[in-house]
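In what follows, a structure is listed as structure tokens, so that the remarks can point back to it.
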Amino acid sequence: MKSNSVYVLQHTRILPNGVDDVKFLGVYSSDVMASTAIERFKTRIGFSQFPDGFHVDRYDIDNDYWVDGFAGGPSEADGSPSK
């Protein structure tokens, strides 16, 4: 039986200016596959210095997210408010 979910792996670290540096690393068919990928990434330059920055989120296929939209928030990489 085919799964109706995917597992998205990202890595986040906070830059000195306070901005989140988020990297989209991959999409996997199971949480086990995502966890295996984390172990591979942990040995690579940059990721090995921030081993606690990995996170996996499960998403259901054919499902809408952010259905209520969003208001405001940063518009630039420096974190300045949107205009």
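Computed from the coordinates by the stated procedures, all read-outs in this text should not be read as laboratory data. Please read these numbers as outputs of a predicted model, since none were measured by experiment. Using ideal geometry, Cβ is built from the backbone for each residue, glycine included, and neighbour counts are taken over all protein chains shown.
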Across (1) of a type in the set (Asp, Glu); (2) in a strand (DSSP E or B); (3) exposed (fewer than 13 other Cβ atoms within 10 Å of the Cβ), ASP21 clears everything bar (3)
Kindly list, by first and then second residue, each pair from a residue in segment 47-70 that is closer than 14 Å to VAL22 by Cβ to a residue that is among the polar types (S, T, N, Q) and surrounded by 10 or more Cβ atoms within 10 Å (Cβ to Cβ), limited to pairs with Cβ atoms under 7 Å and residues at least 6 apart or on different chains. GLY53/THR12; HIS55/GLN10; HIS55/THR12
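Per-residue answers, yes or no, for (1) out of contact with any Ser or Thr (no Cβ under 7 Å at 6 or more places or on another chain); (2) among the basic types (Lys, Arg):
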residue	(1), (2)
TYR7	no, no
ARG13	yes, yes
PRO16	yes, no
ASP20	no, no
PHE24	yes, no
SER35	yes, no
GLY46	yes, no
PHE54	yes, no
